[in-house]
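The values are calculated or read from the model by the stated rules, or taken from the named source; none is laboratory data. Worth saying up front: this structure is predicted, and the values here are computed from it rather than measured. Note that each Cβ is placed from the backbone with ideal geometry, even for glycine, and that neighbours are counted across all protein chains shown.
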Amino acid sequence: MSDLPPATPAPLVIDVTGLTKSFGEKRVVDHFDIKVPRGAIYGFLGPNGSGKTTTIRMLCGLLTPDEGSGTCLGFDVRKQAGRIKEQVGYMTQKFSLYEDLSIRENLDFIGRMYRIDRRKQRVDQALGDLGLADRAGQLAGTLSGGWKQRLALAACLLHEPQLLLLDEPTAGVDPKARRDFWDEIRRLSARGVTVLVSTHYMDEAVQCDFITYIAYGKKLIDGPSGKIPELVGLETWRVEGEALPALEAKLKSEPGVEQVARFGTVLHVSGTDKDALRATVKRFEAEGTQRWSLQVAGLEEAFIYLMAGARDNFATPTGKAA
Amino acid sequence: MAGLSLQRFSAVLIKEFIQMRRDRITFGMMIGLPIIQLMLFGFAINSDPRHLPTLVELNDNGPLTRAVIAGMQNSSYFDFRGPISGVAAGEEALRRGDANFVIVIPEHFERDVVRGHNPQILVAADASDPSAAGGAVAALSGIVSTAIAETLTGPLAKPASVAPFGVVVHREYNPEGKTSTNIVPGLLAIILSMTMVMITAVAIVKETERGTMEMLISTPVRPLEVMLGKILPYVFVGYVQTAVFLVAAMAVFNVPFEGSLWAFFLGFNLFIIVNLALGFLISTAAKNQMQAMQLSFFTILPSILLSGFMFPFAGMPAWAQFIGTGVPATHFLKIVRKVMLKGGELGDVTGELWALVVILIAISAIAMLRYRQTLD
């Protein structure tokens, strides 16, 4: 793909093509390709049930793909799942450490699973970094959501993985904890750890170097996050002035207008058919009192556009073959 | 009616039915279990067992002897498996469980009857098998009287009031006919099957239910490591249970321990491992702890009813014996009874030990195939 930064063609940590997985009749992931360069933060976006979790599970060897092939950390995703697991840190959507074990016991257990050396030292180090050294004996189940998430991250970093697979890591975590979490992800990325993270949050998507958008198990958009609006092909007009709610209602059925989003006291009116949109804008500009100005479409508009376009995948798709 | 709403009530009712229908395994158990158990146990269990394997030591051979043997055969209680010679051979057959009865017709039996010396037929019964002996022994006196009435006619006919010969029954291995002697050794098989299977199944399913299994298999851990690591702690629990059982059996119930400790030790270790493997197998099928409990219970009933614990194994129809042969408790029960009551040595229980090994291999193979390192 030509989207990679031309300066340093970093080696690919993940390089898979045609990954496909069906559960019964339902094709959850449909010929999915992805190339992830070393040290990148790659964002996985898409509605619920779009196949994000299934894709991540296939990448780390928890699921065997029905079709497709490729490598993860240089190992074959079909045949060398065992080798991949040794170097991947996988953080599940749901807290999956033992609630009836203490914090230290959990970390100790994980350390043993990966047979890490200097285990005691590294567990102590992790506890210190977490700021949980004095609560090491507390049962993990008694921690709050934010702490559980930090503990889970610490657990999957214990064996110093090359690749982090994070499945909606910040779901149900407060904004402060989310920001701290992302600071940590940035630090890891700077050290050369590759991060693949699925999320629903816009502010997190913005933090990613690359973004891929999935719906119905199919990849719709994939590229550096800066290029996403361009890839979506959206033109956005900004409207300021009086009587915006009435205007918003009226605009929605006008030709060329595909999306009207409210940002505080302004409206963002977007569409992919630029000529039709401009004609509409001209007409409203002449009639009304509001001020219109063309602006560069941002990531946010692009995502609202994508999200609005894809219904929840749990609903039965009508008129779709897959 | 304040606070009670028919609509809300029926909403809950409908929801429950929908959930019940969706939970296929539980639904299947609710419908299938009673039917299977009714068919299985209704036909298999027989508290008046017939066709019990019997050996006969013929030290005399004449019309009267033949009439007695034929009468016993016709009663359908006894199934003659052939003649034997010598006391030792008879005892050996009883201890190995090849026969439930050994019948000894004494020398000069016919002559002594005719002369009115009142000779005695010896019936040695394996009384370690509860209720096996009861019906058969009770039927014996009737069979004998009939045989005499039909054979000794004319001048040899005896007045009905005088019995021309006696039948002496030796209840081997449980001379007092104590129920506890029958039940207690068998209970170890039941206790171990019940707890070992259930504990393992639930412990493993808990991982899946809480989501920790996903974390576990995302690490490089191997299936065998998980299986052994989860099973071994419960082997220890099994040891504790067995120790408690042995103390209670000997101190409280006065059950003897006649045989080889070594044979017993091998047997119960093997049996514990078989049960743990079975629990592991169940855990690969059950989706939650509730289902694991139900499936475990499903395996426990055959252990109680088809193993020979409550009802004599030999008295069941052939197909039920066939199913029972696949139940680990059947073999362990034989080991415990042979060793504790009959003084069995290692050589006496090799057949049962091998049977357990075969069952273990079969269960483990299926369990390992079903347990995946992936979530497929």
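Annotations for the structure displayed:
- The requirement of being assigned to a loop (DSSP other than H, G, I, E, B), aromatic (Phe, Trp, Tyr), closer than 25 Å to B:ILE36 by Cβ and out of contact with any Lys or Arg (no Cβ under 7 Å at 6 or more places or on another chain) is not satisfied by B:PHE280.
- Residue tally, condition surrounded by fewer than 23 Cβ atoms within 10 Å (Cβ to Cβ) and not in a loop (DSSP other than H, G, I, E, B), over segment B:283-294: 7
Each row is one residue, and each column tells you yes or no for (1) β-branched (Val, Ile, Thr); (2) within 14 Å of another protein chain (Cβ to nearest Cβ); (3) not in a helix (DSSP H, G or I).
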| position | (1), (2), (3) |
| --- | --- |
| B:LYS206 | no, yes, no |
| B:ILE217 | yes, yes, no |
| B:LYS230 | no, yes, no |
| B:PRO233 | no, no, no |
| B:VAL240 | yes, no, no |
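- Taken together, A:ARG104, A:ARG78 contain a single residue that is of a type in the set (Lys, Arg) and either part of a loop (DSSP other than H, G, I, E, B) or within 23 Å of A:ASP209 (Cα to Cα) (or both), which is A:ARG78.
- Any hit, segment B:257-277, residues being part of a loop (DSSP other than H, G, I, E, B), more than 14 Å from chain A (Cβ to nearest Cβ) and either modelled with pLDDT under 80 or out of contact with any helix residue (DSSP H, G or I) (no Cβ under 7 Å at 6 or more places or on another chain) (or both): no
- Among residues that are small (Gly, Ala, Ser) and closer than 19 Å to B:SER180 by Cβ, B:GLY315 is not included.
- Selection count where residues are within 8 Å of chain B (Cβ to nearest Cβ) and crowded, with 16+ Cβ neighbours inside 10 Å, scope segment A:75-85: 2
- When residues in segment A:186-199 are screened for being closer than 16 Å to A:SER225 by Cβ and surrounded by fewer than 22 Cβ atoms within 10 Å (Cβ to Cβ), 2 of them pass.
- Extreme residue, nearest to the chain's Cα centre (by Cα), among residues of segment A:52-75 that are part of a loop (DSSP other than H, G, I, E, B) and within 14 Å of A:LEU12 (Cβ to Cβ): A:LEU73
- Note on segment A:264-283: residues that are loosely packed, with under 12 Cβ neighbours inside 10 Å and touching a helix residue (DSSP H, G or I) at 6+ places or on another chain (Cβ under 8 Å) total 1.
- From the options B:ALA314, B:ALA243, B:ALA249, B:ALA320, residue that is surrounded by fewer than 16 Cβ atoms within 10 Å (Cβ to Cβ) and assigned by TED's automatic domain parsing to the domain that holds B:SER364: B:ALA243
- Among (1) loosely packed, with under 14 Cβ neighbours inside 10 Å; (2) farther than 17 Å from B:ALA67 by Cα; (3) at pLDDT 80 or above; (4) of a type outside the set (A, V, I, L, M, F, W, C), the one test that B:PRO155 misses: (3)
Table: residues versus (1) farther than 22 Å from B:ALA99 by Cβ; (2) of a type outside the set (A, V, I, L, M); (3) at pLDDT 90 or above.
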{"residue": "B:GLY308", "(1), (2), (3)": "no, yes, no"}
{"residue": "B:LEU333", "(1), (2), (3)": "no, no, yes"}
{"residue": "B:THR350", "(1), (2), (3)": "no, yes, yes"}
{"residue": "B:VAL358", "(1), (2), (3)": "yes, no, yes"}
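- Within segment A:52-74, the residues that satisfy the criterion of being in contact with a helix residue (DSSP H, G or I) (Cβ under 7 Å, 6 or more places away or on another chain) and either of a type in the set (Lys, Arg) or away from every other protein chain (no Cβ under 12 Å) (or both) are A:CYS72, A:LEU73.
- Single residue of segment A:166-212 satisfying the filter (among the hydroxyl-bearing types (Ser, Thr, Tyr) and either part of a helix (DSSP H, G or I) or at pLDDT 90 or above (or both)) that is nearest to A:GLY18 (Cα to Cα): A:THR212
- Residue, farthest from A:LEU101 (Cα to Cα), within segment A:118-165, restricted to residues that are assigned to a loop (DSSP other than H, G, I, E, B) and of a type in the set (A, V, I, L, M, F, W, C): A:LEU158
- Annotation note: Cβ proximity below 6 Å between a residue of segment A:23-41 that is aromatic (Phe, Trp, Tyr) and a residue that is part of a strand (DSSP E or B) (sequence gap 6+ or interchain) occurs for A:PHE32/A:LEU19; A:PHE32/A:LYS219.
- Of the criteria (1) assigned to a loop (DSSP other than H, G, I, E, B); (2) in contact with an Asp or Glu (Cβ under 7 Å, 6 or more places away or on another chain), which one B:ASP98 fails: (2)
- Extreme residue, farthest from A:ALA154 (Cα to Cα), among residues of segment A:104-127 that are away from chain B (no Cβ under 14 Å) and not basic (Lys, Arg): A:ASP117
- B:GLY326 being within 16 Å of the chain's Cα centre (by Cα), under 14 Å from B:VAL274 (Cβ atoms) and not hydrophobic (A, V, I, L, M, F, W, C): yes
- Residue in segment B:95-112 that is surrounded by fewer than 19 Cβ atoms within 10 Å (Cβ to Cβ), under 30 Å from B:PHE309 (Cα atoms) and either over 26 Å from the mean Cα position of the chain (by Cα) or of a type in the set (Asp, Glu) (or both) present: yes
- Options A:LEU151, A:LEU97, A:LEU130, A:LEU101: the member that is in contact with a Leu (Cβ under 9 Å, 6 or more places away or on another chain), within 14 Å of chain B (Cβ to nearest Cβ), free of Cβ contacts under 8 Å to residues at least 40 places away in the same chain and over 26 Å from A:PRO11 (Cα atoms): A:LEU101
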